[in-house]
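Chemist: Before I ask anything, here is the structure I am working with.
The values are calculated or read from the model by the stated rules, or taken from the named source; none is laboratory data. Since this is a predicted model, take the numbers as computed values, not measurements. Cβ atoms come from the backbone with ideal geometry, glycine included; neighbour counts cover every protein chain shown.
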Amino acid sequence: MLPPGQRLAKGWPVSHYGPVPRFRPERWTLQVFGATMSGEKYSWAYEDLAALPRVTVFADLHCASGTSTTGHEFFGVPASILLELAPPAADVSHVMAWAEYGYSANLRLSVFTADSTVMATHHNGEPLTVEHGFPLRLVVPHLYGYKGPKWLRAIEYMTQDRRGFWEERGFHNIADPSTGRRHSYQEGESR
């Protein structure tokens with residue numbers, strides 16, 4: 001069953017803001033910074049991704065435009081592993097996921113560490129295409145798609161919430177499709 005206001009889309013439509021970035025493996029890194037326990041920045045090169053633990057997540061995806069796609073299989077690094085490899089400070093409550101060209105998406109820490117949240121490298125058994133986020137895409141299946149940036153480059157640990165790219169432009173800060181609320185003016189509405 002689809003969430004309120006959603007309709008089934010054919011295939012897996014490509015949707016993003018801005019151009020598709022050019023991948024340069026020798027320059028690519030995934031970073032963790034901000035309120036880390038050590039105060040240090042952490043960084044992994046592209047070839048380091050292969051050594052990190054991997055999981056498979058089965059998910060449906062929901063776009064705030066009203067379309068949903070079902071039956072996806074994502075393979076990649078569980079987002080929660082970053083908390084082991086780059087521990088956050090005790091008062092971290094949120095993260096900002098940063099992607100190419102400065103795109104950002106804010107998430108509660110509990111959402112980022114959910115079992116279904118994955119930094120995907122593969123979709124349905126194949127490497128992600130560049131249009132769908134290769135080499136790394138954050139997948140947060142229980143939220144609208146704008147909370148899961150393609151072309152992921154960094155995670156910032158934060159001690160308080162700060163709106164990301166689409167949230168600053170009027171989209172809902174929580175982005176839970178089960179509520180049917182997509183816009184910031186709906187944030188005060190109770191269910």
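Chemist: Regarding the range 63-75, can at least one residue be identified that is buried (at least 20 other Cβ atoms within 10 Å of the Cβ) and at negative phi? Break it down into steps so the answer makes sense when it comes.
Modeler: Going through the range 63-75, the residues buried (at least 20 other Cβ atoms within 10 Å of the Cβ) turn out to be 64, 74.
Filter once more, keeping what is at negative phi: 64, 74.
Yes, some residue in the range 63-75 is buried (at least 20 other Cβ atoms within 10 Å of the Cβ) and at negative phi.
Chemist: Has the range 142-151 got at least one residue that is surrounded by fewer than 20 Cβ atoms within 10 Å (Cβ to Cβ), farther than 22 Å from Asp115 by Cβ, in contact (Cβ under 8 Å) with a residue 24 or more places away in the chain and within 15 Å of the chain's Cα centre (by Cα)?
Modeler: If we filter the range 142-151 for residues that are surrounded by fewer than 20 Cβ atoms within 10 Å (Cβ to Cβ), which is where we start, we get 142.
When the remaining residues are screened for being farther than 22 Å from Asp115 by Cβ, the result is none.
Looking for residues that are surrounded by fewer than 20 Cβ atoms within 10 Å (Cβ to Cβ), farther than 22 Å from Asp115 by Cβ, in contact (Cβ under 8 Å) with a residue 24 or more places away in the chain and within 15 Å of the chain's Cα centre (by Cα), one finds none in the range 142-151, hence no.
Chemist: Take the conditions of a type in the set (Asp, Glu) and either at pLDDT below 95 or not in a loop (DSSP other than H, G, I, E, B) (or both) and apply them to Glu73. Does it pass? Full working, then the answer.
Modeler: Numbers: of a type in the set (Asp, Glu): yes; either at pLDDT below 95 or not in a loop (DSSP other than H, G, I, E, B) (or both): yes.
Criteria met by Glu73.
Chemist: Another question, if that's okay. Do you know which residues across the range 55-87 are free of Cβ contacts under 8 Å to residues at least 40 places away in the same chain and either out of contact with any helix residue (DSSP H, G or I) (no Cβ under 8 Å at 6 or more places or on another chain) or of a type in the set (Lys, Arg) (or both)?
Modeler: If we filter the range 55-87 for residues that are free of Cβ contacts under 8 Å to residues at least 40 places away in the same chain, which is where we start, we get 56, 58, 71, 80-81, 83-84.
Result: Thr56, Phe58, Gly71, Ile81, Leu83, Glu84.
Chemist: Considering only strands (runs of 3 or more DSSP E) fully contained in the range 84-171, which possess at least 2 residues that are among the small types (Gly, Ala, Ser)?
Modeler: Numbers: elements: 94-99, 104-108, 118-123, 137-139, 152-158.
The strands (runs of 3 or more DSSP E) meeting that bar are 94-99, 104-108.
Chemist: Just a yes or no: is a residue in the range 17-39 part of a loop (DSSP other than H, G, I, E, B), surrounded by 10 or more Cβ atoms within 10 Å (Cβ to Cβ) and of a type in the set (Val, Ile, Thr)?
Modeler: yes
Chemist: Checking the structure you have, find out if any residue of the range 154-161 is closer than 22 Å to Ile81 by Cβ, under 16 Å from the mean Cα position of the chain (by Cα) and crowded, with 22+ Cβ neighbours inside 10 Å.
Modeler: If we filter the range 154-161 for residues that are closer than 22 Å to Ile81 by Cβ, which is where we start, we get 154-159.
Okay, now just the ones that are also under 16 Å from the mean Cα position of the chain (by Cα), so 154-158.
Going one step further and asking which of them are crowded, with 22+ Cβ neighbours inside 10 Å, we end up with 155, 157.
Yes, because at least one residue in the range 154-161 is closer than 22 Å to Ile81 by Cβ, under 16 Å from the mean Cα position of the chain (by Cα) and crowded, with 22+ Cβ neighbours inside 10 Å.
Chemist: Then there's this: Identify the residue in the range 1-12 that is surrounded by 13 or more Cβ atoms within 10 Å (Cβ to Cβ) and out of contact with any Pro (no Cβ under 7 Å at 6 or more places or on another chain) and, among all such residues, is nearest to Ala175 (Cα to Cα).
Modeler: If we filter the range 1-12 for residues that are surrounded by 13 or more Cβ atoms within 10 Å (Cβ to Cβ), which is where we start, we get 2-3, 5-6, 9, 12.
Next, only the ones that are out of contact with any Pro (no Cβ under 7 Å at 6 or more places or on another chain) stay: 2, 5, 9, 12.
Working: Leu2: 15, Gly5: 13, Ala9: 19, Trp12: 20 Å.
Among those that are surrounded by 13 or more Cβ atoms within 10 Å (Cβ to Cβ) and out of contact with any Pro (no Cβ under 7 Å at 6 or more places or on another chain), it is Gly5.
Chemist: I need every pair where a residue in the range 24-48 that is over 12 Å from Tyr157 (Cα atoms) and touching a residue at least 60 places away in the same chain (Cβ under 8 Å) has its Cβ under 6 Å from the Cβ of a residue that is exposed (fewer than 13 other Cβ atoms within 10 Å of the Cβ) and not hydroxyl-bearing (Ser, Thr, Tyr), sequence separation at least 6 or different chains.
Modeler: Matching pairs, first to second residue: Thr29/Ala45; Tyr46/Pro25.
Chemist: Looking at (1) of a type in the set (Phe, Trp, Tyr); (2) within 12 Å of the chain's Cα centre (by Cα); (3) surrounded by fewer than 16 Cβ atoms within 10 Å (Cβ to Cβ), can you tell me which one Phe112 breaks?
Modeler: Among (1) of a type in the set (Phe, Trp, Tyr); (2) within 12 Å of the chain's Cα centre (by Cα); (3) surrounded by fewer than 16 Cβ atoms within 10 Å (Cβ to Cβ), Phe112 violates only (3).
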